[in-house]
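K.L.:
Once you've had a glance at the structure underneath, I'll fire off some questions.
The values are calculated or read from the model by the stated rules, or taken from the named source; none is laboratory data. Just so it is clear, the structure is predicted and the values come from calculations on it, not from any experiment. FYI the Cβ positions are ideal-geometry reconstructions off the backbone, even for glycines, and counts take in every protein chain you see. To get the accessible areas, we keep the full protein, side chains included, count just its heavy atoms, and leave off ligands, DNA and RNA. Shrake-Rupley method; radii C 1.70, N 1.55, O 1.52, S 1.80 Å.
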Amino acid sequence: MSSPGSGIFSGFTKLCKGLAVILVGGHVVVQLLPISVTYLALIPARTIPFGWNLITAGYIEQSVHGVVVSTLGLLFMGKLLEPIWGSKEFLKFIFIINFLTSVCVFVTAIALYYITMEEKYLYMPLSGFHGVLAGFLVGIKQILPDQELNLLKIKVKWLPSLMLLLSIAISFFTPESATYLPTLIFGTYIGWIYLRFMQRKPESKLRGDPSEDFAFSTFFPEFLRPIVDPIASIFHRMLCGKSEVSSASQGYTLGGSPLLGSDPIEASRRRERGARALEERLAAEKLAAGRNSEEPHMDANDRV
């Protein structure tokens, strides 16, 4: 007999379950064979001969709490994102964010070594799924920006910013911050770049999300946005071309004419789909919980 709260832990997709098995399996491997960390984790000094660790490092959790957080985060956030994006796009997002985050962390570690001349940055084993989880938070911010979390009383759109702020604050008191902070920062930023400029929309045959509600400055408090916007526009021109007009004035353009679907309507539809998917999932979980609570009464009646 299922417990009344089992609906919360149901509805996980097959893809997310399969990826969760990989995360748990990777953790078991490095615990049973510690030498495997040398080949699977990202060790900057050994990345040149072992280039595959730019891919494998993202799926290797070296600690128990790391594999628990990553597995639960994958299952619960994947349960929301995969039905909206589709399994193929969901898996593509994970692969791209994981790989590019590892590349950025590798470059950062090399840079820190040349700046400080401390060899720990070259031989520190870096790994974990938390960069992808940070990207997931950006995806949820895009889909359900105004959804409020009842427990924390904050809107979903602030989750990536609060996660980074808390991580940076903790880094001042923990010496191992270099093992996780760059991954979280790059996972968040690359996740935003991919969703903002690169993700293909099958319904509109366009890429990205040019809406003002998903601009880079929305990660910052309102009073900082006049400072952030000019800086963000530099990267916008680098990614989209100098001839493109800013989305703040005319939307994404091609040859001076607006592209179909580049206005906020597409972003509004995406948020509506996300809200609808969340409502359907919550309704299904409540229905499952209601059925589970009725089962004891049905069993009692049957015995009578």
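K.L.:
Work out from phi, with θ = phi - 60° and the Karplus expression 6.51 cos²θ - 1.76 cosθ + 1.60, the ³J(HN,Hα) of each residue of region 141-156, listed in order in whole Hz, and give x for Gly and Pro.
P.N.:
Coupling constants for region 141-156: 4, 5, 7, 10, x, 9, 5, 9, 7, 4, 5, 9, 6, 10, 7, 4 Hz.
K.L.:
Then there's this: Subtracting the Cα-Cα distance from 0.36 nm times the residue separation, let me have the gained length for Ile168 to His65 in nm, one decimal. Could you put the intermediate results ahead of the total?
P.N.:
Values: separation 103, 0.36 × 103 = 37.08 nm, distance 1.92 nm.
That works out to 35.2 nm of additional length.
K.L.:
Follow-up. Give me the 1.4 Å probe accessible area per residue for region 123-166, excluding ligands and nucleic acids, in Å².
P.N.:
On the way: 1940 Å² over 44 residues.
Accessible surface, normalised per residue, equals 44 Å².
K.L.:
Could you put Tyr114, Tyr59 in order of accessible surface area, largest first, with the 1.4 Å probe and the full protein assembly present? Display every interim value, and only then the final one.
P.N.:
Values: Tyr114 155, Tyr59 45 Å².
Greatest to least solvent exposure: Tyr114, Tyr59.
K.L.:
Then there's this: Tell me, what is the Rg over Rh of region 1-96, with Rh the Kirkwood radius over Cα pairs? Walk me through the intermediate numbers first.
P.N.:
On the way: Rg = 15.5 Å, Rh = 14.8 Å.
Value, to two decimals: 1.05.
K.L.:
What's the percent breakdown of Cα-Cα distances in region 132-240 across 10 Å bins, shortest bin first?
P.N.:
Pair shares across the bins are 13, 42, 35, 10, 1.
K.L.:
Projected area of region 60-102, taken from the Cα convex hull and averaged over every viewing direction, in nm²?
P.N.:
3.2 nm²
K.L.:
I need the Kirkwood Rh of region 19-174: take the reciprocal of the average 1/r across all distinct C-alpha pairs and report it in angstrom. Could you put the intermediate results ahead of the total?
P.N.:
Numbers: mean 1/r = 0.0597 Å⁻¹.
The answer is 16.7 Å.
K.L.:
Could you tell me which of the pairs Lys153/Lys201; Lys14/Lys141; Lys79/Lys155 are separated by over 22 angstrom between their Cα atoms in the structure shown?
P.N.:
Numbers: Lys153/Lys201 32 Å; Lys14/Lys141 24 Å; Lys79/Lys155 19 Å.
Pairs exceeding 22 Å: Lys153/Lys201; Lys14/Lys141.
K.L.:
Return the long-range amide H neighbours of Leu126 (sequence gap of 5 or more, or a different chain), with a cut-off of under 5 Å between placed amide H atoms.
P.N.:
The answer is Leu42, Ile43.
K.L.:
Let me ask you something else. In what sequence, largest accessible area first, do Glu89, Glu119 appear using a 1.4 Å probe? Write down the numbers at each step before the final one.
P.N.:
Numbers: Glu89 30, Glu119 115 Å².
Descending order: Glu119, Glu89.
K.L.:
Which of the peptides 91-100, 214-223 is most tightly packed, and how do the rest follow, judged by the mean count of other Cβ atoms within 10 Å per residue? The partial results should precede the final answer.
P.N.:
Working: 91-100: 18.9, 214-223: 16.0.
Ranking the peptides 91-100, 214-223 by packing returns 91-100, 214-223.
K.L.:
For Glu61, what accessible surface area do you get with a 1.4 Å probe? Give it in Å², rounded to 10.
P.N.:
10 Å²
K.L.:
Only loop residues by DSSP count here, and only those with at most 16 other Cβ atoms within 10 Å; note down the trypsin sites (Lys or Arg not before Pro) in region 141-190 that meet that. List each step's numbers first, then the result.
P.N.:
On the way: sites: Lys141, Lys153, Lys155, Lys157; in loops: Lys153.
For trypsin sites (Lys or Arg not before Pro) across region 141-190 that sit outside H, G, I, E and B with at most 16 neighbouring Cβ atoms in 10 Å, the list reads Lys153.
K.L.:
For Glu61, enumerate residues with amide H under 5 Å from its amide H, sequence gap 5+ or separate chain, H modeled in the peptide plane.
P.N.:
Sorted by chain and number, the residues that satisfy this are His27.
K.L.:
In whole Hz, what ³J(HN,Hα) sequence does region 165-181 give by Karplus (6.51, -1.76, 1.60; θ = phi - 60°), x for Gly and Pro?
P.N.:
Going residue by residue, I get 4, 5, 5, 5, 5, 5, 4, 6, 10, 10, x, 8, 4, 5, 7, 10, 4 Hz, with x marking Gly and Pro.
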